[in-house]
Each structure stands twice: as C-alpha cells, then as structure tokens.
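The values are calculated or read from the model by the stated rules, or taken from the named source; none is laboratory data. What you see is a predicted model; the values in this text were computed from it and never measured. Every residue, glycine as well, gets a Cβ built from its backbone with ideal geometry; the counts of neighbours run over all protein chains shown.
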Amino acid sequence: MASPLEQFEVTRIGPPIHLFGYDISFTNSALWMCIVAGSAAVLLTLGASSRRLVPTRLQSLTEMSYVFVADMIRSASGTDGLKFFPFIFTLFFFVLFANVYGMFPLGLFPLIRPFTVTSHIVVTFALAIFVFVMVIVVGIAKHGIKFFGLFAPNVPVWMLIFLVPIEVISFCSRPISLSVRLFANMMAGHTMLNVFGGFVIGLAAAGGAVKFLSFAPVVAIIGVSALEFLIAFLQAYVFAILTCIYLNDALHPHH
C-alpha cells in the first residue's frame, strides 16, 4: 500500500451504473455489507435451527448471544424495550461482524481484499441517523406531544431558558457522537496496524543490524491486533447499548 489510508478506499466492482445523475455502482463497501449481513444471518440461523438437548458449539454461541442481547435491552430499556429485540440484535451483530471481518488477513479471502465498512463515516452515520429517527417516531407514537417534555426537566421555570436549548442540542448531537465514535475507533486502529506493518518492512529492508529491530513492531502488531479484536466487540456493544438507552428515552421520557 502507498498509504495507510489506501485500505479505506471505496472502489467500483463491475461496470458503472448511474441513476438520475447519481453513481450507484456496486462497490467493495457494498459487497462487504452483503457479506456481513449474509454470513451473520446464515450462522445465527444455523445455530438457532438446532434443537439438540446437548447443544453444539454454534448452538451454544447463538443461545448465549440471544440471552446477552436480551439482558442488555432489559437492563437499559426495561421490559418494554424487548419488543425491539429483533432490531437491536440485528444492529449489534451487523456492527460486530463488520468490525471483525476487517481484521482478517488477506489469505482468508484470496479473491477480495478485506474491507471494514464501519471505518466509513457514511455507513456509521446512516445507522446512527436511522436509530435517531426511530427514537423520535417511537416516542411521538407512544406519548404524542408529551414526548417533547424530554427537553424540559423538572426545574424552576427560569432555568428552562438555559436547559431546554442545552437538552435539544444534546439530543440532536446523538447521531453525530454515535457514528463518529464507531468510525474513529475502527479507522484509527486499522491505520495503526498498517503503520506498524510499514515499520516492519522498512526496518527489515534496511539490512545490517537494523533489520533485527523489526522484531519490535511485530510484537506491537500482535498486541494491537488483540486489542483491536476487543475493540471490535466493545464498539458493537457500545453502539447497541446506546441505542437501547435512546429507546428508553422514547419509551419512558419522564424517567
């Protein structure tokens, strides 16, 4: 790679396609979103389809995943939030698989280069703005105009002059913070791995005694890779738990 940022380049696959003046060509980003969604659906469906009394590893992992997400929703949104279980479950595993697939070496995908779709702000912002709009729709559908009482805390009237604008700005900034957090962590981690990889090649190519120093960035790559797998899970969890918290505001705006 000529640059550590080259790994984030969106490239067209196949002939260009235009509709109403917009380029809607199929890209490597779209391909990996299909791979992420398809593989997650297949693996979880296979795990859930088994009815063995002594579960297989895949069945156990699937059952643990269901319990984990259900407990997360129950703790953040209450029992009312369980009606949104399919959405939260899908969101969590889409982000998780997208994060993890970008960590796989090229040898596991010899025909296509691994690509982390969550390293692009347009993808994470699309997910975040969908959550944001859904929270507003659910809140208005459930509580009507009383939902907007979320922006007016129970304080003296004169304080509302200052608090209402702060609450509105804080609420509207949610999709920005939700999307930037995921995008920045994924992009920074992968860029760091690529930079350390460049150190290994550069030191090894220097020759002489200097080439033995390439062992240090190799150790760093191993450590950062392990950390990145942990971050891949944590960022999926943070995205899902914040979604549950925002849904709790829609379901219980006065709590």
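If you go through the stretch 54-74 and keep only what is hydroxyl-bearing (Ser, Thr, Tyr), at pLDDT below 90 and out of contact with any helix residue (DSSP H, G or I) (no Cβ under 7 Å at 6 or more places or on another chain), you end up with Thr56, Ser60.
Taking Gly38 as the residue in question, decide whether it is within 27 Å of Met134 (Cα to Cα), among the small types (Gly, Ala, Ser) and exposed (fewer than 12 other Cβ atoms within 10 Å of the Cβ). The answer is yes for Gly38.
Taking the numbered list (1) surrounded by fewer than 17 Cβ atoms within 10 Å (Cβ to Cβ); (2) under 30 Å from Asp249 (Cβ atoms) in turn, Phe97 passes all entries but (1). Out of all the residues in the stretch 45-53, is one or more at pLDDT 85 or above, out of contact with any strand residue (DSSP E or B) (no Cβ under 8 Å at 6 or more places or on another chain), assigned to a helix (DSSP H, G or I) and among the aliphatic types (A, V, I, L, M)? Checked against the condition, which is being at pLDDT 85 or above, out of contact with any strand residue (DSSP E or B) (no Cβ under 8 Å at 6 or more places or on another chain), assigned to a helix (DSSP H, G or I) and among the aliphatic types (A, V, I, L, M), the stretch 45-53 yields at least one hit. Restricting attention to the stretch 143-162, the residues that are part of a helix (DSSP H, G or I) and exposed (fewer than 14 other Cβ atoms within 10 Å of the Cβ) add up to 9.
Only a single criterion out of (1) surrounded by 11 or more Cβ atoms within 10 Å (Cβ to Cβ); (2) over 22 Å from Met186 (Cα atoms) is not satisfied by Thr45, namely (1). Considering Ile169, Ile140, Ile136, Ile176, the condition of being farther than 30 Å from Ala37 by Cβ and either of a type in the set (Asp, Glu) or assigned to a helix (DSSP H, G or I) (or both) is satisfied by Ile169 alone. Reported count of residues in the stretch 63-84, each being surrounded by 15 or more Cβ atoms within 10 Å (Cβ to Cβ) and either touching a Ser or Thr at 6+ places or on another chain (Cβ under 8 Å) or hydrophobic (A, V, I, L, M, F, W, C) (or both), is 6. For the stretch 7-28, check the following and say yes or no: at least one residue is of a type in the set (A, V, I, L, M, F, W, C), at pLDDT below 80, in contact with a helix residue (DSSP H, G or I) (Cβ under 9 Å, 6 or more places away or on another chain) and surrounded by 15 or more Cβ atoms within 10 Å (Cβ to Cβ). Yes, because at least one residue in the stretch 7-28 is of a type in the set (A, V, I, L, M, F, W, C), at pLDDT below 80, in contact with a helix residue (DSSP H, G or I) (Cβ under 9 Å, 6 or more places away or on another chain) and surrounded by 15 or more Cβ atoms within 10 Å (Cβ to Cβ).
Quick test for you: out of Phe84, Phe151, pick the one residue that is in contact (Cβ under 8 Å) with a residue 60 or more places away in the chain and either more than 28 Å from Leu43 (Cβ to Cβ) or more than 16 Å from the chain's Cα centre (by Cα) (or both).
Phe84
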